[in-house]
Amino acid sequence: DAKTTQPPSMDCAEGRAANLPCNHSTISGNEYVYWYRQIHSQGPQYIIHGLKNNETNEMASLIITEDRKSSTLILPHATLRDTAVYYCIVRVNYGGATNKLIFGTGTLLAVQP
Amino acid sequence: DGGITQSPKYLFRKEGQNVTLSCEQNLNHDAMYWYRQDPGQGLRLIYYSQIVNDFQKGDIAEGYSVSREKKESFPLTVTSAQKNPTAFYLCASSISGTGGNEQYFGPGTRLTVT
């Protein structure tokens, strides 16, 4: 699975959009980009994943660049409850590939009142 | 409610003792996983099971053992051979052990060994 690089921490004002970047320059054609988040002392929570098209769900939007070497997770209106560590994970997503996740150290997003 | 439960939330043991951490899921998921998290670090995979009566070592299996006798249960034993057992342990499950199914995590067990 390709390696990812994320900034260690970011701040965001409450009510504003939070844009979390992730670099994955060695991503290969069959690897998906996944995002999870972990609120302090809890288990991680799945947010969203995508291959090459932009994706949106009730939690967030995922923007993947055309060359797929980087992506951005967007929380459109951050709240204090969005303060967490956000993990960007790249992995193969096809039948037969073991469904293992490799977590880096992520980005600590601190939403400020 | 459907979900994954881990118990207890906090566990204290003396060095040299084996300890078993519980993980139960009622999501009817085939696959289950155990991760370990140390302060300021990401999660590392200990063991995983793609189906009942089958399991494989993850990246840091030494000093740990598991069993998968029932679909809904995947207990983890931290043995006395594990050199640094104090950590936050997380259990997860997914519909299948292959492909890209999202993983659902339990609330974790914080183990302290002194």
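The values are calculated or read from the model by the stated rules, or taken from the named source; none is laboratory data. Everything quoted here is computed from the prediction, not taken from an experiment. Cβ atoms come from the backbone with ideal geometry, glycine included; neighbour counts cover every protein chain shown.
Scan the range A:12-29 and give yes if some residue there is surrounded by fewer than 18 Cβ atoms within 10 Å (Cβ to Cβ), assigned to a loop (DSSP other than H, G, I, E, B) and in contact with a helix residue (DSSP H, G or I) (Cβ under 8 Å, 6 or more places away or on another chain), otherwise no.
Yes, that holds for at least one residue.
With respect to the numbered conditions (1) surrounded by 13 or more Cβ atoms within 10 Å (Cβ to Cβ); (2) over 26 Å from residue A:36 (Cα atoms), which one is the sole condition not fulfilled by residue B:75?
Answer for residue B:75: the failing condition is (2).
Looking only at residues in the range A:95-113 that are surrounded by 20 or more Cβ atoms within 10 Å (Cβ to Cβ) and polar (S, T, N, Q), which one is modelled with the lowest pLDDT?
Out of the qualifying residues, it is A:99.
Inspect the range B:2-20 for any residue being part of a strand (DSSP E or B) and free of Cβ contacts under 8 Å to residues at least 60 places away in the same chain and give the result as yes or no.
yes
Consider only pairs whose beta carbons are under 6 Å apart and that are at least six residues apart or on different chains; among these, list those whose first residue lies in the range B:103-114 and is within 7 Å of another protein chain (Cβ to nearest Cβ) and whose second residue is crowded, with 21+ Cβ neighbours inside 10 Å and β-branched (Val, Ile, Thr).
Hits for this filter: B:106/B:4.
Confirm whether residue B:13 is surrounded by 12 or more Cβ atoms within 10 Å (Cβ to Cβ), modelled with pLDDT under 95, among the basic types (Lys, Arg) and out of contact with any Cys (no Cβ under 6 Å at 6 or more places or on another chain).
Yes: the conditions hold for residue B:13.
Filter the range B:20-65 down to residues that are aliphatic (A, V, I, L, M), closer than 13 Å to residue B:82 by Cβ and surrounded by fewer than 18 Cβ atoms within 10 Å (Cβ to Cβ), then give me how many there are.
2
Mind checking which residues of the range A:33-61 are farther than 17 Å from residue A:7 by Cα and outside any loop (DSSP other than H, G, I, E, B)?
Those that are farther than 17 Å from residue A:7 by Cα and outside any loop (DSSP other than H, G, I, E, B): A:45, A:46, A:47, A:48, A:49, A:50, A:55, A:56, A:61.
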